[in-house]
Every structure is written in C-alpha cells, then in structure tokens.
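Remarks on the structure that follows.
The values are calculated or read from the model by the stated rules, or taken from the named source; none is laboratory data. Predicted model, so just to flag it, every value in this text is computed and none were measured. Cβ coordinates were reconstructed from backbone atoms using ideal geometry, including for glycine residues, and neighbour counts include every protein chain displayed.
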Amino acid sequence: MLSRILKFRTIQTSIALLVLMSLVYPVQAFAANSDLETVLTGSRQRIERLDYRATGHLTRVDGDGKRTSYKFVAKAHWFPDGLRLLCEISGPGSEKTSVLLHMTMSGHVTIEAMLPGQKTASVLPFEHWNDALVGTEFSYEDMIEGQFFWKNQELLPPAKYGARDCFVLKSSPGSQDRTHYDSVTTWIDRSILYPVHVVKTLRGTGQQKEFIYYGLRQVGGAWSASQVETKLQGKPGSSIMQIEGGSAKANLGRKDFVISQPSSQTNKSNR
C-alpha cells in the first residue's frame, strides 16, 4: 500500500511539473516573439521615415596610418515604392563616383552607379555589389540596411555592447534576397532601437566585416550616428564614414534622386 501511495504522489508531482513547464515556456516564447516584433518594427519604421541630406568624408586608414580621404554627400527618402539613397563621392582629384540604391518594402534592392570616366549611369551587376567603394572597406551593398527586410530573422540572447544594453538580431537572407552576406548580426540599443555594432559574414569565405557606430544623436526626432567605422577581419586598417553636416528633415522629392552627369559633360551641354 505504501509503495502505491508513493508511486501516486510521484505521478502527481510529475504532472504538476509538466503543468508548470507548459505555463512557463509559452510565456517565454511570447516574450521572445514580442521583442523580435519590437526590434523589426522599430528598425523598419526608422528606415521608412528616412528623409535626410548628409555631408562629410569617407576615409580609408591603412595599417601604417596613412589616410586617404574623399568628400561624401548623401541623401535618402522613403517613397511609396521604397527607399532611394543617392551617394556622391569625390576623390582627391576631380573624379566622382555616384551610386543610387533603391530598396522596396519587400527588401528587393537595385543599384545604379556612374564611375569615374563614365558618362552615364548604369545598373551595377550583382557580382559587383561587394566591390570596394572607392578603395575602402565599405562595399556598394553596405550603403543600405537591407538586412532588416530579409525573410529570416532571429533574436539572440540580449547582450551588452560597451555600456549599452542591446537586443541582438541575426538576419539571414531568403532565396529571394540578393546579397553577398550569409548573415548579419546587429546589436541594437534597447532604449532607442538604433544599431551600435554590426557583424556581417561574407558568403563563401566566412570572413567577417565589423561596423561600429559612434556619436549617436537625436536630431529632429530621428536617431543617427556621426561616424561609422568598418574593419575587415584579417586585413589591417579600417574605413571611416564621418558625417559633418546635413538635415534630418530635408523634404526630398524624386527629382533629387537623379544621378548628375560629370561636370565636364554638364559644361559641354551648356555651351
């Protein structure tokens, strides 16, 4: 009889534990899903509200400290058909590189470019999206935050980056997402939902590219970084994008996103 009672109590205890576990795990899953939705919604809305002009410098710093600096002008606006971002980079001489990126709400990206010596812009083939932009560690693809619109999103355990408490989001492309990266892991400040650190893993090689965001500030209700530095794993030196001026509310229209002809061509047409 005693053995039966003990066995019955053991069964009761096991059932109670199963009930408790069934209550705990759904709560944890709900919290994780809620945080993921918060991160994705906040990150996508931030991009969908972009309307800025920015000026500054793009600088390549070699391993020995030698610096090569380029003037950098950028503007971006989210239209009903998605984001348009135009970058114009002027080198130490008179040459200029212009890049126009377009990303739809589904995350589909197209890139047009007019490189030094070219008279008109043309679509940049996908195989060149990961080319170095004017010799820096930044690639053409790095100019736009397409990873937040990829199909596969996973929230990793929260972590600190420096003094900041962060959500850690791992984004992986689906079959329809064109990218040279296998994954992008983003540390996002929990209080302002803005990236502070990003690690991108290159497809095929597994090589990692690190991005660090400095000087976070809020202008006109929008958060931005005054400086972004990127480093390529195993390669000495780094590249720095320094934002020195601009407007967070530029009221841009479609006419602002036409790649201009080189100055020599413009001068000829005005004769």
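Filter segment 137-169 down to the residues that are of a type in the set (Lys, Arg) and modelled with pLDDT of 95 or more, then identify the one that is surrounded by the most Cβ atoms within 10 Å (Cβ to Cβ). First the steps, then the outcome.
Restricting attention to segment 137-169, the residues satisfying the condition of being of a type in the set (Lys, Arg) are 151, 160, 164.
Narrowing the set further to residues that are modelled with pLDDT of 95 or more leaves 160, 164.
Details: 160: 9, 164: 17.
For segment 137-169, the residue satisfying everything is 164.
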Out of all the residues in segment 185-204, is one or more in contact with a Ser or Thr (Cβ under 8 Å, 6 or more places away or on another chain), acidic (Asp, Glu) and either free of Cβ contacts under 8 Å to residues at least 60 places away in the same chain or closer than 13 Å to residue 147 by Cα (or both)?
-> no
For segment 132-159, what are the residues that are within 20 Å of residue 89 (Cα to Cα), in contact with a strand residue (DSSP E or B) (Cβ under 6 Å, 6 or more places away or on another chain) and among the acidic types (Asp, Glu)?
-> 137
Output yes when any residue across segment 153-162 is aromatic (Phe, Trp, Tyr) and assigned to a helix (DSSP H, G or I), and no when none is.
-> no
Which ones in segment 127-166 are farther than 24 Å from residue 40 by Cβ and without any contact (Cβ under 8 Å) to a residue 24 or more places away in the chain?
-> 127, 128, 131, 132, 163
Which numbered condition residue 192 fails, given (1) at pLDDT 95 or above; (2) over 14 Å from the mean Cα position of the chain (by Cα); (3) outside any strand (DSSP E or B); (4) under 24 Å from residue 69 (Cα atoms) = (4)
Is there a residue being closer than 20 Å to residue 101 by Cα, at pLDDT 95 or above, among the β-branched types (Val, Ile, Thr) and crowded, with 17+ Cβ neighbours inside 10 Å anywhere in segment 243-253?
-> yes
Of the residues that sit in segment 116-136 and are among the hydrophobic types (A, V, I, L, M, F, W, C) and surrounded by fewer than 16 Cβ atoms within 10 Å (Cβ to Cβ), which one is nearest to residue 211 (Cα to Cα)?
-> 132
